[in-house]
Structures are given as C-alpha cells and as structure tokens.
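**Q** I am attaching a structure below and will ask some questions about it afterwards.
The values are calculated or read from the model by the stated rules, or taken from the named source; none is laboratory data. Given the structure is predicted, the values throughout are model-derived calculations rather than measurements. Because the Cβ atoms are built from the backbone with ideal geometry, glycine has one as well, and the counts that use them run over all protein chains shown. Each accessible area value is taken on the protein alone, full model and side chains, heavy atoms only, with ligands, DNA and RNA left out. Shrake-Rupley method; radii C 1.70, N 1.55, O 1.52, S 1.80 Å.
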Amino acid sequence: MKKRIYFDKFGEMRFISHLDTLRFMDRLLKKCHIPVKYSQGFHPRPKISLGNPVSLGTAAYNEVMDIVLDIPMTDEELRDKLNSSEVIGFKVNKVETVEDKSSITDIFINALFEVEGEKEDIDKLFGLLNQEAIVERKEKKGKVTERNLKERVIEFSREGNIVKMELVNISPNSFLTLADIKIEDVNIKKLGYKQI
C-alpha cells in the first residue's frame with residue numbers, strides 16, 4: 001500500500017540534508033511502529049522516496065514523500081502516528097493513498113518559493129528576474145558551459161521585500177548567486193508544488 005505524505009520541515013530541521021531526511025524518516029517510522037516494506041537483496045532499504053532535494057537552510061512546507069506500507073493503514077491513522085512523536089520542526093499535514101505507480105519527480109516539478117530580505121537585495125533579485133535572459137556560466141575542466149535560467153522561471157511577483165517564484169527543477173540559490181546576494185542574508189521558504 002503506497003502512501004503519499006505531505007510534510008513541513010522548518011526551524012532547526014531545515015538544516016537536515018536530503019539524505020539525512022531519508023534517514024530521519026526511516027527512524028521516525030520505526031519509532032512510531034509503522035511497518036514499511038523493504039527492498040530485496042543483500043542491503044534491504046525501506047521503500048521511502050522524496051522529491052527533489054531542498055537546499056540546506058531552506059524551510060520547506062508541503063514537501064512530498066512516498067512510502068510503501070507492509071500492512072493496510074488509514075491515511076488519518078498514519079498522519080496521527082507520525083505527528084504523535086512531536087518532533088520539533090517537523091509536521092505531517094496530510095496523507096493520501098496512491099493507487100497508481102506515479103513518481104513524485106514526475107508529478108511535482110514546479111516548486112513555489114518565497115525569498116525575503118532587505119530592500120537592496122530584493123531589488124537586485126527582482127531586477128535579475130525581469131531580464132529577458134538569465135545566463136549562468138560554469139567552468140569545469142577548462143570547458144565553459146552556459147544555460148539560460150530564465151527558461152526555468154514560470155512566473156514571479158513581488159510584495160514589498162518578498163519575491164514569490166514558481167520554478168522548474170531549480171532552487172532560488174542559483175538566482176541569488178547571479179544577483180550577487182549572499183544566501184545567508186535572505187530568508188528562503190519552499191511553499192510546496194504546483195501539480196502538473
């Protein structure tokens with residue numbers, strides 16, 4: 001039985017990496033006595049999958065995770081068991097049963113972000129987003145590659161010192177670097193996804 005879990009990761013939990021989030025979920029499921037199916041072979045792993053990684057230090061709301069249970073369990077029962085541990089900075093908002101074999105990364109592509117900061121930094125970010133092309137150049141082993149990040153921006157808007165963005169498979173960090181903004185000087189929130 002496949003379950004899709006929507007959860008928030010905030011406060012100190014935002015400093016937990018993508019791989020550590022998987023380890024944390026494995027431990028949490030064991031602690032809450034939730035029987036998860038394991039893969040076969042020499043090194044069995046729990047059948048847990050997350051979406052695209054969230055940048056370290058970014059608070060993430062309505063993140064998505066799939067697990068495969070060994071025994072049937074209602075959505076409400078699973079949500080309540082996971083929340084009963086009362087982990088600071090972690091909360092399960094919703095659980096739903098998934099009947100198809102769809103992957104999180106196939107469905108949840110367009111991520112919604114908010115970047116809040118000082119007026120000067122937000123002016124620079126908003127100015128960059130308004131350009132017709134946002135070219136990122138990277139050099140590796142003497143070879144220079146370019147990509148237009150503007151293609152990954154679906155839409156953006158500004159409210160005071162907050163920029164809201166809908167991005168495809170990219171984090172705001174790339175835009176902040178190009179706008180010469182220190183990541184530690186702004187507050188980044190990932191607000192979930194727009195389903196395709």
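**Q** Which of the strands (runs of 3 or more DSSP E) found entirely inside region 98-165 contain at least 3 residues meeting this: touching a strand residue (DSSP E or B) at 6+ places or on another chain (Cβ under 7 Å) and surrounded by 16 or more Cβ atoms within 10 Å (Cβ to Cβ)?
**A** On the way: elements: 110-116, 135-140, 143-148, 153-159.
Those strands (runs of 3 or more DSSP E) span 110-116.
**Q** With (1) farther than 22 Å from I170 by Cα; (2) assigned to a helix (DSSP H, G or I); (3) open to solvent by 70 Å² or more (accessible area, probe 1.4 Å); (4) out of contact with any Gly (no Cβ under 7 Å at 6 or more places or on another chain) as the list, and D26 as the residue in question, which single condition is left unmet?
**A** Exception for D26: condition (3).
**Q** Would you check which residues across region 83-93 are touching a strand residue (DSSP E or B) at 6+ places or on another chain (Cβ under 7 Å) and either closer than 16 Å to S49 by Cα or β-branched (V, I, T) (or both) and list them?
**A** Keep residues of region 83-93 that are touching a strand residue (DSSP E or B) at 6+ places or on another chain (Cβ under 7 Å), which gives 83, 89-93.
Hit for region 83-93 is V92, nothing else.
**Q** Here's another thing I want to ask about it. Restricting attention to region 81-88, does a residue exist that is in a helix (DSSP H, G or I), open to solvent by 20 Å² or more (accessible area, probe 1.4 Å), among the hydroxyl-bearing types (S, T, Y) and modelled with pLDDT of 90 or more?
**A** Residues of region 81-88 that are in a helix (DSSP H, G or I), as a first pass: 81-84.
Filter once more, keeping what is open to solvent by 20 Å² or more (accessible area, probe 1.4 Å): 81, 83-84.
Filter once more, so that each one left must be among the hydroxyl-bearing types (S, T, Y): 84.
Checking the rest, the ones that are also modelled with pLDDT of 90 or more come to 84.
Looking through region 81-88, at least one residue is in a helix (DSSP H, G or I), open to solvent by 20 Å² or more (accessible area, probe 1.4 Å), among the hydroxyl-bearing types (S, T, Y) and modelled with pLDDT of 90 or more.
Let's see how each residue does on (1) under 18 Å from I104 (Cα atoms); (2) surrounded by fewer than 17 Cβ atoms within 10 Å (Cβ to Cβ); (3) under 10 Å from the mean Cα position of the chain (by Cα):
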position: R4; (1), (2), (3): yes, no, no
position: E12; (1), (2), (3): no, yes, no
position: P35; (1), (2), (3): no, yes, no
position: T58; (1), (2), (3): no, no, yes
position: D66; (1), (2), (3): yes, no, no
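**Q** List pairs: first in region 131-152 and among the small types (G, A, S), second open to solvent by less than 90 Å² (accessible area, probe 1.4 Å), Cβ under 9 Å, 6+ apart or cross-chain?
**A** A133/N148; A133/L149; A133/K150
**Q** Is there a residue in region 44-55 that is free of Cβ contacts under 8 Å to residues at least 12 places away in the same chain and more than 20 Å from the chain's Cα centre (by Cα)?
**A** To start, the set of residues in region 44-55 that are free of Cβ contacts under 8 Å to residues at least 12 places away in the same chain comprises 44-45.
Retained after the next criterion (residues that are more than 20 Å from the chain's Cα centre (by Cα)): 44-45.
There is at least one residue in region 44-55 that is free of Cβ contacts under 8 Å to residues at least 12 places away in the same chain and more than 20 Å from the chain's Cα centre (by Cα).
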